[in-house]
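Participant: Could you have a look at this structure, given as structure tokens, before my questions?
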């Protein structure tokens, strides 16, 4: 390089740095810019990765990739040399696998090394060899033309995937019916965040959300809409990709083709989502380099101009250059109306059925186009739970001052859902005052006063407490714009008391699956429920003291497995043969698939019982008391066995455990009941009525 060329290069580099600095100052201000500079140039601080990276200096040995005969997803990986990166990528796919059937297609884009010869030795890999170099755009389009899957997943070869990456992306299209593109969250090899979706400004400039941030930041744990996602890990329905003409060849060989595709998807009325539950480690620049003046990277500037010219009308609707990144992120992620949910604590599907129901409700609300935010009343952040909620599109916030947060975000909240009596009694007046335009929805989960009244009857105590709760609970219902009840019995009770209140039935929500084991492969009994809920503690004690001795006279090896939180005093007092207290577990499936009968010996309670729905949705027959199946539409002998005395309860368990024909009838009947009364489809329609308003689109508040 001669002196003139060197000076010109340095001048262009200085101009580029100054341009970045001006853009950062306008978008972040001085403090934000200084923080960004420190982030980029401070010594690398590793963040724990969700898996160990595979080494690049690996001596090749043949291995196998999953290769479904009828793939749901085609993973398309364009390569041009860089064989060590490609092998590490493929080995990570082989190691992680997926529940969804998939195939892997590597498009060798005229590699200058021996990539093709080596890759041909990998079992299950579909290898497409191009006779001449077409660049990223051409190679991806060639791979898509050869793909057999309903969905295409474009993946850079300088990536390594993490557990659950593929299934999480695929789930976006089920949860959000109008999803057109789903992209992964990208991490640097040192564990820092590289990108969680991206923004586009009115001048065609782009911004990677979260660059160099810590991945556990709540802002980057939530599935949300964005302007585009990186083509390094991008999923799209194959039919949609072909309808749009694939990646636009005007951007060949690379850069801005993913941004252009996202804009085309959005123009077609579909949504672009980033899903942090799908995490991919990306060695950025390993193949294209990082110098914008050299190699493929030089096309970035030219293609930006092409993109801006093609989408000039659409760009008029984007934030102007210099806009706040935080505001632009919020705008992009909240293209639908905002739903704020206030719950006592972060819901955990492994803890109680009310949590499972709420999580499913939020998932369905996202599919209806709502942007959900959850504020836990206890203010306790939990990264693991926030990440699980984020996978369903729910943003978790734990502000220092909830009052200030409500005031600041009032305009974002089209509706506020208050979950459970205790939360509504505290928050309803504040929400009404600070968010006056929002519709307020009171989700009872179950009628608190009804449960208290029934508990008083069983214990022989007076009903004064239940009567006081009843007055307060009915006042909350009257003050709400809409109230959700989980059972028809409770809905009728409230309707008699408050005929003018707007009420909606929204029961438990369960997805039915086939039982994984048959009658002969199962043994023992199951009870699902923690002792923090008084009806559960009473039920297990009653069963242990009054039913289990009778049962073991006829079935000496009978064992009841109790899944749920149990305090130490209860554990000591229930240390008896035939009763195993497991506490909370992360996965119920081993018990749902291994036990022969689930029991619900409840003597009081209210609402619809999730323990019954959960068992039936998996084909596990249930023996229950009459109060336990209230308002569930169940029929004794067809889809459940009912018994209210110790002798009758023990007899029903013996019948279900020894009569295979009866067991199969109950298994089928229980699943059919869940499909009829507790399916996601029914819940979606109820939510559509509540959140979407009346058929004419108007939401009529309670008078």
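Participant: Quick check: is even one residue across the stretch 515-524 touching a strand residue (DSSP E or B) at 6+ places or on another chain (Cβ under 8 Å), touching a residue at least 12 places away in the same chain (Cβ under 8 Å) and assigned by TED's automatic domain parsing to the domain that holds residue 659? Break it down into steps so the answer makes sense when it comes.
Facilitator: Step one: filter the stretch 515-524 for residues touching a strand residue (DSSP E or B) at 6+ places or on another chain (Cβ under 8 Å), giving 524.
With the extra rule that they be touching a residue at least 12 places away in the same chain (Cβ under 8 Å), the set shrinks to 524.
Filter again for assigned by TED's automatic domain parsing to the domain that holds residue 659, leaving 524.
Scanning the stretch 515-524, I find at least one residue that is touching a strand residue (DSSP E or B) at 6+ places or on another chain (Cβ under 8 Å), touching a residue at least 12 places away in the same chain (Cβ under 8 Å) and assigned by TED's automatic domain parsing to the domain that holds residue 659, so the answer is yes.
Participant: Here's something else I'd like to know. Return yes or no: is residue 619 touching a helix residue (DSSP H, G or I) at 6+ places or on another chain (Cβ under 6 Å), over 16 Å from residue 547 (Cβ atoms) and not in a helix (DSSP H, G or I)? Walk me through how you get there before you give the answer.
Facilitator: On the way: touching a helix residue (DSSP H, G or I) at 6+ places or on another chain (Cβ under 6 Å): yes; over 16 Å from residue 547 (Cβ atoms): yes; not in a helix (DSSP H, G or I): yes.
Answer is yes for this residue.
Participant: Moving to a separate point now. Looking at residue 555 and the list (1) exposed (fewer than 13 other Cβ atoms within 10 Å of the Cβ); (2) in contact (Cβ under 8 Å) with a residue 12 or more places away in the chain; (3) over 38 Å from the mean Cα position of the chain (by Cα), which single condition is not satisfied?
Facilitator: Of (1) exposed (fewer than 13 other Cβ atoms within 10 Å of the Cβ); (2) in contact (Cβ under 8 Å) with a residue 12 or more places away in the chain; (3) over 38 Å from the mean Cα position of the chain (by Cα), only one is false for residue 555: (1).
Participant: Give 474, 450 a once-over and let me know the one that is in contact with a helix residue (DSSP H, G or I) (Cβ under 8 Å, 6 or more places away or on another chain), surrounded by fewer than 19 Cβ atoms within 10 Å (Cβ to Cβ) and in a helix (DSSP H, G or I).
Facilitator: Numbers: 450 fails: surrounded by fewer than 19 Cβ atoms within 10 Å (Cβ to Cβ).
Of 474, 450, the one residue that is in contact with a helix residue (DSSP H, G or I) (Cβ under 8 Å, 6 or more places away or on another chain), surrounded by fewer than 19 Cβ atoms within 10 Å (Cβ to Cβ) and in a helix (DSSP H, G or I) is 474.
Participant: Among the residues of the stretch 346-372, which ones are out of contact with any helix residue (DSSP H, G or I) (no Cβ under 8 Å at 6 or more places or on another chain) and crowded, with 22+ Cβ neighbours inside 10 Å? Steps first, please.
Facilitator: Looking only at the stretch 346-372, we keep the residues that are out of contact with any helix residue (DSSP H, G or I) (no Cβ under 8 Å at 6 or more places or on another chain), and these are 350-351, 355, 358, 369.
Correct list: 358 only.
Participant: Just the residues that are under 17 Å from residue 63 (Cβ atoms) and part of a loop (DSSP other than H, G, I, E, B), please, taken from the stretch 115-132.
Facilitator: 120, 121, 122, 124 - these are the residues of the stretch 115-132 that are under 17 Å from residue 63 (Cβ atoms) and part of a loop (DSSP other than H, G, I, E, B).
Participant: Here is a further query. Is there a residue in the stretch 165-175 that is assigned by TED's automatic domain parsing to the domain that holds residue 103, under 29 Å from residue 244 (Cα atoms) and assigned to a strand (DSSP E or B)? Working first, answer last.
Facilitator: Of all residues in the stretch 165-175, those assigned by TED's automatic domain parsing to the domain that holds residue 103 come to 165-175.
Subsequent filtering for residues that are under 29 Å from residue 244 (Cα atoms) retains 165-175.
Cutting the leftovers down to assigned to a strand (DSSP E or B) gives us none.
Scanning the stretch 165-175 turns up no residue that is assigned by TED's automatic domain parsing to the domain that holds residue 103, under 29 Å from residue 244 (Cα atoms) and assigned to a strand (DSSP E or B).
Participant: Further, regarding this structure: When the stretch 223-256 is examined, which residues are found to be modelled with pLDDT under 95, crowded, with 20+ Cβ neighbours inside 10 Å and in a helix (DSSP H, G or I)?
Facilitator: 251, the sole residue that qualifies.
Participant: Oh, and also: Please count how many residues of the stretch 444-462 are at positive phi and either within 34 Å of the chain's Cα centre (by Cα) or not assigned by TED's automatic domain parsing to the domain that holds residue 487 (or both).
Facilitator: Restricting attention to the stretch 444-462, the residues satisfying the condition of being at positive phi are 445, 460.
Filter once more, keeping what is either within 34 Å of the chain's Cα centre (by Cα) or not assigned by TED's automatic domain parsing to the domain that holds residue 487 (or both): 445.
Qualifying residue count for the region: 1.
Participant: Kindly state which helices (runs of 4 or more DSSP H) lie completely within the stretch 341-421 and contain at least 2 residues that are modelled with pLDDT of 90 or more and either in the same structural domain as residue 582 (by TED's automatic domain parsing) or within 23 Å of residue 484 (Cα to Cα) (or both).
Facilitator: Working: elements: 353-367, 383-391, 402-408.
Helices (runs of 4 or more DSSP H) meeting the threshold: 353-367.
Participant: Quick one: how many residues across the stretch 596-616 are within 18 Å of residue 510 (Cα to Cα), assigned to a loop (DSSP other than H, G, I, E, B) and touching a helix residue (DSSP H, G or I) at 6+ places or on another chain (Cβ under 6 Å)?
Facilitator: 1
Participant: Let me ask something additional. From the list 647, 593, 636, exactly one residue is free of Cβ contacts under 8 Å to residues at least 40 places away in the same chain, assigned by TED's automatic domain parsing to the domain that holds residue 536 and either crowded, with 22+ Cβ neighbours inside 10 Å or out of contact with any helix residue (DSSP H, G or I) (no Cβ under 6 Å at 6 or more places or on another chain) (or both). Which is it? Outline the logic, then answer.
Facilitator: Details: 647 fails: free of Cβ contacts under 8 Å to residues at least 40 places away in the same chain; 593 fails: free of Cβ contacts under 8 Å to residues at least 40 places away in the same chain.
Unique residue meeting the criteria: 636.
Participant: It is to be established whether one or more residues within the stretch 543-560 are within 23 Å of residue 631 (Cβ to Cβ), at pLDDT 95 or above and either in a loop (DSSP other than H, G, I, E, B) or in the same structural domain as residue 594 (by TED's automatic domain parsing) (or both).
Facilitator: yes
Participant: Next question. Against the condition under 24 Å from residue 271 (Cα atoms) and either without any contact (Cβ under 8 Å) to a residue 40 or more places away in the chain or surrounded by fewer than 21 Cβ atoms within 10 Å (Cβ to Cβ) (or both), how does residue 387 come out, does it pass?
Facilitator: Working: under 24 Å from residue 271 (Cα atoms): yes; either without any contact (Cβ under 8 Å) to a residue 40 or more places away in the chain or surrounded by fewer than 21 Cβ atoms within 10 Å (Cβ to Cβ) (or both): yes.
Judged against the criteria, residue 387 is a match.
Participant: Look through 140, 89 and report the one residue that is touching a strand residue (DSSP E or B) at 6+ places or on another chain (Cβ under 6 Å), within 19 Å of residue 242 (Cα to Cα) and buried (at least 20 other Cβ atoms within 10 Å of the Cβ).
Facilitator: Working: 89 fails: within 19 Å of residue 242 (Cα to Cα).
Exactly one of 140, 89 is touching a strand residue (DSSP E or B) at 6+ places or on another chain (Cβ under 6 Å), within 19 Å of residue 242 (Cα to Cα) and buried (at least 20 other Cβ atoms within 10 Å of the Cβ), namely 140.
The values are calculated or read from the model by the stated rules, or taken from the named source; none is laboratory data. Here the structure is a predicted model, which means the values were calculated and not measured. All Cβ positions, glycine included, derive from the backbone under ideal geometry; neighbour counts span all protein chains shown.
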